[in-house]
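The values are calculated or read from the model by the stated rules, or taken from the named source; none is laboratory data. Bear in mind the structure is a predicted one, so any value in this text is a computation, not a measurement. For neighbour counting, all protein chains shown are included, and Cβ atoms are generated from backbone atoms with ideal geometry for every residue, glycine included.
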Number of protein chains: 2
Amino acid sequence: MKIQKIPEASIVRMSVYSRYLSRLDQKGIVTTSSGEIADGVGVSPAQVRKDLAYFGEFGTRGVGYNVKDLHHHVLKILGLTNEWPVVLVGAGNLGTALCVYRGFRERGFKIVGVLDSDPKKHGQPLGDLVILPMDKMEEIIKENDVKMGIVTVPSDFAQDIVNLLVKYGVKAILNFAPRAITVPEDVELRNVDLAVNLEVLTFKLSS
Amino acid sequence: MKIQKIPEASIVRMSVYSRYLSRLDQKGIVTTSSGEIADGVGVSPAQVRKDLAYFGEFGTRGVGYNVKDLHHHVLKILGLTNEWPVVLVGAGNLGTALCVYRGFRERGFKIVGVLDSDPKKHGQPLGDLVILPMDKMEEIIKENDVKMGIVTVPSDFAQDIVNLLVKYGVKAILNFAPRAITVPEDVELRNVDLAVNLEVLTFKLSS
DNA sequence: GACTGTGAAGCCATTCACAGCT
DNA sequence: AGCTGTGAATGGCTTCACAGTC
């Protein structure tokens, strides 16, 4: 295998494969194939093989893949073999929902701090945490060695919050505010725009 | 302009442009350019022009675009000139958060019904709605002429719920369950996988 | 001079098709 | 015979570069 750039879409699919492999493993299935995975997640078998091939040779020709083995490899590729501490900023409706979202914990993400600028919220319990004021950000990040942040503050404040997170050493940010945000080169940013997803649907319904 | 297939990525960007144009309009700005829009949303000017060109000629050479005018055109293209009634299924943490999410209402999406299978939740207020049992689905959809649904139920039930929505006439579904879901050809489906977004970040942090 | 609209070129991702292994 | 791994072919999106317009 030559070294080459890996498409972001492949990484997204790797994450999806890993969830499917975890299900196969739970069902006690020992061996699988690119065809089975493809059916299970809704892509082509060639796509599955190509994606996996970016990272190594995990299968046996004529046989397929060992489920446990492949699952472990994929988790390792995604960096999910250890728990990730995460700080969440913005304890509004969306923030509180994400804070207790089981899908994150199941995949090894642990929210270790929830911050909000509203003094009325400070001290309020949220899951097994307590909402803290913004000036606790540095402490939370440093004490827990936090590298990831989730931003669910109103759009107007998103860039400022992101700047703060970066200042205190966060290296990857998931932003839910529908605004263009900039970060330094060594920081990873992903945006999730919930309304956009509905609007793609209305476009298709209308055309 | 020739007829041609429009990339989905272009539609996503159109939605982003429309939000930026709405901000420019609010600020009272009358004229803009592909360069300004590009800077504002973080893409290239050529990309902006190409995207818009899929749908028509909205600008004036040497001048730029009229903000109000372009904004209106983009909203019309996205099918956002009328309010869309939406039904939401699954009043867990994520579902309740989305139900009162301002970002949806601001863009013309109105949740007209929240359903959950848990009898303990029935009758509980949620925003200005009340959580209803699943067997009210048909009534809600028919009475409000609902064409869009949001699914925030546990993964194991997502396909069943989607099947029900489709059965009662919903034509576009936004699914938050991390499972492969299938729908008939005439139904649009989009998946939002929140954990995947964090996992793409961990991949990048780890590599 | 400034900015749009667009064919052509370049680039990137997916699919194909088959050699290689069990 | 069955399935992986992969170079080659295809298809699609983005960028380039410039003619057209004000």
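Tabulated data for the structure shown
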item	result
Residue list for the range A:97-106, restricted to those being under 26 Å from A:Ala9 (Cβ atoms) and either buried (at least 19 other Cβ atoms within 10 Å of the Cβ) or in contact with an Asp or Glu (Cβ under 8 Å, 6 or more places away or on another chain) (or both)	A:Leu98, A:Tyr101, A:Gly103, A:Phe104
Unmet criterion (only one of (1) within 13 Å of chain A (Cβ to nearest Cβ); (2) more than 15 Å from DNA strand D (Cβ to nearest atom); (3) more than 22 Å from the chain's Cα centre (by Cα)) for B:Val67	(1)
Filter result (closer than 27 Å to A:Pro119 by Cβ and surrounded by fewer than 19 Cβ atoms within 10 Å (Cβ to Cβ)) within the range A:49-91	A:Pro85
B:Asp160 vs. criteria out of contact with any Asp or Glu (no Cβ under 8 Å at 6 or more places or on another chain) and at positive phi	no
Lone unmet requirement of (1) away from DNA strand C (no atom under 16 Å from the Cβ); (2) crowded, with 20+ Cβ neighbours inside 10 Å; (3) touching a residue at least 40 places away in the same chain (Cβ under 8 Å); (4) within 15 Å of B:Ala195 (Cβ to Cβ) for A:Leu94	(4)
Filter result for A:Val74 (within 14 Å of DNA strand D (Cβ to nearest atom), touching a residue at least 40 places away in the same chain (Cβ under 8 Å) and within 20 Å of the chain's Cα centre (by Cα))	yes
Neighbours by Cβ (under 7 Å, 6+ apart or cross-chain): first from the range B:38-61, among the basic types (Lys, Arg); second at pLDDT 95 or above and near DNA strand C (Cβ under 9 Å from one of its atoms)	B:Arg49/B:Ser34
Of all residues in the range A:31-42 being within 13 Å of another protein chain (Cβ to nearest Cβ) and under 18 Å from A:His73 (Cβ atoms), the one that is farthest from the chain's Cα centre (by Cα)	A:Glu36
Filtered residue count, the range B:78-91, keeping only those that are more than 7 Å from every other protein chain (Cβ to nearest Cβ) and either touching a residue at least 60 places away in the same chain (Cβ under 8 Å) or not hydroxyl-bearing (Ser, Thr, Tyr) (or both)	9
Residue in the range B:36-57 that is farthest from DNA strand C (Cβ to nearest atom), counting only those that are farther than 29 Å from B:Lys147 by Cα and charged (D, E, K, R)	B:Asp39
Total residues in the range B:14-30, condition surrounded by 16 or more Cβ atoms within 10 Å (Cβ to Cβ), more than 12 Å from every other protein chain (Cβ to nearest Cβ) and of a type outside the set (Asp, Glu)	2
From the options A:Thr60, A:Thr81, residue that is under 26 Å from A:Val146 (Cα atoms) and among the hydroxyl-bearing types (Ser, Thr, Tyr)	A:Thr81
Among residues of the range A:157-192, those that are over 25 Å from B:Arg102 (Cβ atoms) and charged (D, E, K, R), counted	5
